[in-house]
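The values are calculated or read from the model by the stated rules, or taken from the named source; none is laboratory data. Note that the coordinates shown come from a computational prediction; the quantities given were computed from them, not determined experimentally. Here the Cβ positions follow ideal geometry from the backbone for every residue, glycine too, while neighbour counts run over all protein chains shown.
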Amino acid sequence: MQAEDLGENQMETNELGIRNLKYVMSNLDEWTKSPNEGYENLRTMHSEVNNQFRRYIGHVVKWVGGVYQDPKTVEMPGDVYRNVERQKQEEAMDFLHRHLFANTPVWLIPDEYLNKFPSRAESYLERSYATALSSLLSRRVIMNLVSAETSMGKSAFTVKDLFDRLDKSIWSGLGRPTDTYKRLLQKTYVHALCDLYTGAAASGRMVAKPTPNPKDATECSAIAFMQMNDLLNRLKRTSSGDFSTRAHNQYLIRHIEKTLSVDQL
């Protein structure tokens, strides 16, 4: 990404954008009314609000594992590629924790709207979860973080930092009853992690330093392998929760085990 694409106040801009969307959503029914018409206008605008929310999520995700690209000629000083600062990546993860992972954005899926046209609340949230996790757990982002730790040492935002943050946001309270939306989030995470292991993970939208390395695939698979085994062991130790939560955990266990049965290393 170009350095100018990430202005100093991008996080604040996205915060403001979320607040504006909440205001729009609270008035959407009234603003889309047409005499003697149905709810097609409401359906269309509700979809657009959700699309815009995903755009904000996409803007924030760019910071994590991000690399600035500053095109230069040989006469110009400074680096062409620079890793995004640790603080900015932490702010991005805080944003995702606050607006998507730890706090389900139920304001996007109010029953009083969804009961007026064919829809499933889960489908809107699943797309938002996938927007974030398919990027965060892409091979390009993981390798950017590995490269940053190599060059920046303790000042870098690391792969471990990423997974620690995701664990706090997505898996806190493991073993307690979960609602439909938390189960959907956890399932989306597991699918993205398994894709990282098998190589099906998207490359992500981040800029990466152009140094192709055949060992990158092994590095990503090894990281995913460790995370999958850790999560698998934790899930197996979990026997509490209500019926739906136990069924959900059993599905995740089976999915991880099936993925690990294919040798990727």
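Could you say which residue among TYR23, TYR68 is of a type in the set (Ser, Thr, Tyr), more than 19 Å from ALA121 (Cα to Cα) and assigned to a helix (DSSP H, G or I)?
Working: TYR68 fails: assigned to a helix (DSSP H, G or I).
Step by step, each of TYR23, TYR68 is checked, and only TYR23 is of a type in the set (Ser, Thr, Tyr), more than 19 Å from ALA121 (Cα to Cα) and assigned to a helix (DSSP H, G or I).
Residue under question is ALA102, and the condition is that it be touching a residue at least 60 places away in the same chain (Cβ under 8 Å) and in contact with a Ser or Thr (Cβ under 6 Å, 6 or more places away or on another chain); does it hold? It would help to see each step written out before you state the result.
Numbers: touching a residue at least 60 places away in the same chain (Cβ under 8 Å): yes; in contact with a Ser or Thr (Cβ under 6 Å, 6 or more places away or on another chain): yes.
Against the criterion (touching a residue at least 60 places away in the same chain (Cβ under 8 Å) and in contact with a Ser or Thr (Cβ under 6 Å, 6 or more places away or on another chain)), ALA102 qualifies.
Show the residue pairs meeting these rules: Cβ distance below 7 Å; 6+ apart or different chains; first residue within the range 16-29 and of a type in the set (Val, Ile, Thr); second residue modelled with pLDDT of 95 or more.
ILE18/TYR56; ILE18/HIS99; VAL24/VAL49
Does VAL24 satisfy the condition of being farther than 20 Å from THR131 by Cα and aliphatic (A, V, I, L, M)? Give the steps one after another, and end with the answer.
Numbers: farther than 20 Å from THR131 by Cα: yes; aliphatic (A, V, I, L, M): yes.
Judged against the criteria, VAL24 is a match.
Go through the range 84-132 and give me each residue that's of a type in the set (Phe, Trp, Tyr) and closer than 17 Å to SER172 by Cβ.
Residues of the range 84-132 that are of a type in the set (Phe, Trp, Tyr), as a first pass: 95, 101, 107, 113, 117, 124, 129.
Scanning the range 84-132 gives PHE101, TYR129.
Of the conditions (1) over 24 Å from TRP107 (Cβ atoms); (2) crowded, with 20+ Cβ neighbours inside 10 Å, VAL146 fails just one. Which one is it?
Among (1) over 24 Å from TRP107 (Cβ atoms); (2) crowded, with 20+ Cβ neighbours inside 10 Å, VAL146 violates only (2).
Suppose the filter is at pLDDT below 95 and either buried (at least 18 other Cβ atoms within 10 Å of the Cβ) or in a helix (DSSP H, G or I) (or both); does ALA201 pass it? Before you say what the answer is, go through the steps one by one.
Details: at pLDDT below 95: yes; either buried (at least 18 other Cβ atoms within 10 Å of the Cβ) or in a helix (DSSP H, G or I) (or both): yes.
Answer is yes for this residue.
State which residue is farthest from LEU232 (Cα to Cα) when the search covers only the range 136-175 and only residues that are over 17 Å from the mean Cα position of the chain (by Cα) and among the β-branched types (Val, Ile, Thr). Explain how you work it out, then say what you get.
Filtering the range 136-175 for residues over 17 Å from the mean Cα position of the chain (by Cα) gives 146-156, 173-175.
Checking which are among the β-branched types (Val, Ile, Thr) leaves us with 146, 150.
On the way: VAL146: 24, THR150: 29 Å.
Looking at the filtered set, the residue picked out is THR150.
Of the conditions (1) assigned to a loop (DSSP other than H, G, I, E, B); (2) touching a Gly at 6+ places or on another chain (Cβ under 8 Å); (3) closer than 24 Å to THR180 by Cβ; (4) of a type outside the set (Val, Ile, Thr), LYS116 clears all except one; give me its number.
(2)
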